[in-house]
Amino acid sequence: MNLVSSIASHACNAALALVYPQPCAVCGRSVESRHDGVACVRCWNEAAWFRRDETLCWKCGALSLAKVSEDKRKNIRCGRCDDDAFTAARACGLYEGALRASILELKRQPHVARRVAQLMYDVQQREPLNQADVIIPVPLHYDRERARGFNQACVLARELSRLSRLPVDEHSVVRRIHTERHRAGMDAKARRQSVASAFSIRHPKSISGQRVLLVDDVFTTGATVSACANVLKEAGAADVFILTVARASSL
C-alpha cells in the first residue's frame, strides 16, 4: 500500500508541476513536490537546517563554532541566554533560504508544508525537547490575530501535535498587550522591554507541573519566547522548552 501511495503521490506531483507550475520562492526554479511548500528540492537540500552533529548552546540553541565530543555538548553555553526564563530552545535551522521562504508564506497562508512539519517533529523528538508534556503556541494579541485571520504559531502547534500526539493548549496563555512589531535595528534590551509584560496566564492550574513545549515561527533574540516562558514558570511550569521553525544567525 505504501508503494501504491508513493507512486500516486509522485504522479500527482508531476501532474501539478505540469499543469500548475509553481516557481521556487528562493531560486525561481519549479517546485517539484507539493509537500515541499514554496521551495524546490535543491533549495531544501541547500538549506542551513540543523541535523544532530552540530555544536549548539545547550540552552538557547545558538550555533557554536566549537568542536566538542557528544558527551560534552550539554556543557556548552553561549553566555547570552543566561537570564532567559526558558529551559532550552531549539530550531530546525537558520532563518534563510527555504526555511525563511516557508515562514514568510506561513504568515500569509495557514498551511504548513509537510517537509516543514516533519523537520519540526524530528527536532521535537531530540533531547531535551522530547521531555515535553504539552504544546503551547505563542499567542498573538486578539487584534493582530483578527487582522491576519489566524495565528501561525497555532497552525504549527496543531501540525506538530498531529505528528507527536502531544496535546495542544491554545487557551491558557494570552497576549494581553498589543506590542509594536520588532523593528530591524532594535537591540536585545529594547526587544525585551517591549514584551516584558505582554503575556498572562488564564488557567494557571492547567500549567502547574507541566513540561511545556512553546512553539513559534522564528527565534530572533529570544525576547518574546523568554517573556512567555517567564509567566509560564511563574504559574508553576516545571520546564519550558522552545521550538521554532528557524532562528536568526547569532554567529
**Prompt:** How big is the accessible area of residue 104 in square angstrom, nearest 10, if you roll a 1.4 angstrom probe over the protein chains?
**Reply:** 50 Å²
**Item:** Acute angle (nearest 10 degrees) that the helix 97-106 long axis makes with the longest principal axis of the chain, alpha-carbon atoms
**Value:** 80 degrees
**Message:** Per-residue counts of other Cβ atoms within 10 Å, averaged by peptide: what ranking do you get for 84-92, 112-120, highest first?
**Reply:** 84-92, 112-120
**Item:** Estimated [θ] at 222 nm from DSSP helical runs (n ≥ 4, -39500 (n - 2.57)) normalised by residues in the chain, nearest 500
**Value:** -10000 deg cm²/dmol
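Counting DSSP beta bridges with both partners in the chain, what percentage is antiparallel, nearest 5?
Working: 6 of 25 bridges.
Bridges in the chain that DSSP calls antiparallel: roughly 25 percent.
When the accessible area of region 15-105 is split by element with a 1.4 Å probe, what percent falls to carbon and sulfur? Could you put the intermediate results ahead of the total?
Details: 2610 of 5080 Å².
Here carbon and sulfur together make up 51 percent of the probe-accessible area.
Tell me the Kirkwood hydrodynamic radius of region 13-92 in angstroms, computed as one over the mean inverse distance between distinct C-alpha pairs. Don't skip to the end; give the middle numbers.
Details: mean 1/r = 0.0654 Å⁻¹.
One over the average 1/r among Cα pairs gives 15.3 Å for region 13-92.
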**Request:** Could you point to the label whose value was computed as percent of Cα pairs over 28 Å apart for the structure here, given (1) 34; (2) 23; (3) 47?
**Result:** (1)
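Relative contact order of region 189-244: what whole-number percent is it, with Cα pairs under 8 angstrom and at least 6 residues apart? Let's see the in-between values first.
Numbers: 74 pairs, mean separation 26.8, N = 56.
In percent, rounded to a whole number, it is 48.
With a probe of 1.4 Å, find how much accessible area region 14-149 has per residue, and write the answer as a whole number in Å².
Numbers: 7410 Å² over 136 residues.
Ligands and nucleic acids excluded, the figure is 54 Å² per residue.
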**Asked** With a Cα-only, solvent-free Debye model of region 46-99, what are the log10 I(q)/I(0) values at q = 0.23, 0.27 Å⁻¹?
**Response** -0.92, -1.12
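For region 76-187, what class follows from the C-alpha gyration tensor (a ≥ b ≥ c being the square roots of its eigenvalues): rounded when a/c is under 1.5, otherwise prolate if a/b is larger than b/c, else oblate?
Values: a/c = 1.25, a/b = 1.09, b/c = 1.15.
Rounded, since a/c falls under 1.5.
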**Request:** Would you kindly derive the ³J(HN,Hα) couplings of region 140-151 from the backbone phi angles with the Karplus curve 6.51 cos²θ - 1.76 cosθ + 1.60 (θ = phi - 60°), listing them in order in whole Hz, with x for Gly and Pro?
**Result:** 8, 5, 3, 5, 5, 5, 5, 5, 7, x, 6, 9
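So what is the relative contact order for the chain, in percent, with contacts set as C-alpha pairs under 8 Å and at least six apart?
Working: 448 pairs, mean separation 52.5, N = 251.
Reported relative contact order: 21 percent.
The values are calculated or read from the model by the stated rules, or taken from the named source; none is laboratory data. In this text the structure is predicted, and so the values were computed from the model without any measurement. Every residue, glycine among them, receives a Cβ derived from its backbone with ideal geometry; neighbour counts consider all protein chains shown. With ligands, DNA and RNA removed, areas are computed over all heavy atoms of the protein, side chains included. Shrake-Rupley method; radii C 1.70, N 1.55, O 1.52, S 1.80 Å.
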